[in-house]
């Protein structure tokens with residue numbers, strides 16, 4: 001189980017490199033957890049009635065994760081080099097995903 005996010009304007013255009021899609025697990029490999037955040041407490045309230053996140057809320061989410069980058073770095077300090085790289089890459093994927101949705105002015109489908 002995990003959080004699945006979709007850029008709505010790219011629905012049906014997903015490719016093997018997961019353009020328009022981001023997934024984060026609900027376990028120790030969760031980048032959101034390493035940022036000191038929760039999909040349920042911090043992200044779920046950003047969704048509208050239909051479960052989608054608006055562009056404005058995506059901007060807020062992006063600023064939130066950027067503000068927590070130091071928390072991520074602190075939380076992965078004791079990890080192996082491989083794990084550090086994985087978390088940093090996954091953080092960058094989430095950041096890029098949000099930036100793409102904002103650039104496209106697309107809401108984000110959130111299955112949490």
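The values are calculated or read from the model by the stated rules, or taken from the named source; none is laboratory data. The structure displayed is predicted, hence computed values, not measured ones. Note that each Cβ is placed from the backbone with ideal geometry, even for glycine, and that neighbours are counted across all protein chains shown.
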**Request:** Kindly list the number of the only condition in (1) under 24 Å from residue 28 (Cα atoms); (2) touching a strand residue (DSSP E or B) at 6+ places or on another chain (Cβ under 7 Å) that fails for residue 84.
**Result:** (2)
**Message:** For region 44-55, give me the residue count where each residue is at pLDDT 95 or above and surrounded by 11 or more Cβ atoms within 10 Å (Cβ to Cβ).
**Reply:** 7
**Request:** Taking the residues in region 34-43 that are touching a residue at least 12 places away in the same chain (Cβ under 8 Å) and either surrounded by 15 or more Cβ atoms within 10 Å (Cβ to Cβ) or out of contact with any helix residue (DSSP H, G or I) (no Cβ under 8 Å at 6 or more places or on another chain) (or both) as candidates, determine which candidate is nearest to residue 7 (Cα to Cα).
**Result:** 43
**Fill in**
Picking from 100, 34, 9, 66, the residue that is at pLDDT below 95 and more than 18 Å from residue 111 (Cα to Cα) would be 100
**Fill in**
Subset of region 96-111, residues surrounded by fewer than 16 Cβ atoms within 10 Å (Cβ to Cβ) and in contact (Cβ under 8 Å) with a residue 12 or more places away in the chain, comes to 99, 104, 105, 111
**Asked** Among (1) modelled with pLDDT under 95; (2) in contact with a helix residue (DSSP H, G or I) (Cβ under 8 Å, 6 or more places away or on another chain), where does residue 18 come up short?
**Response** (2)
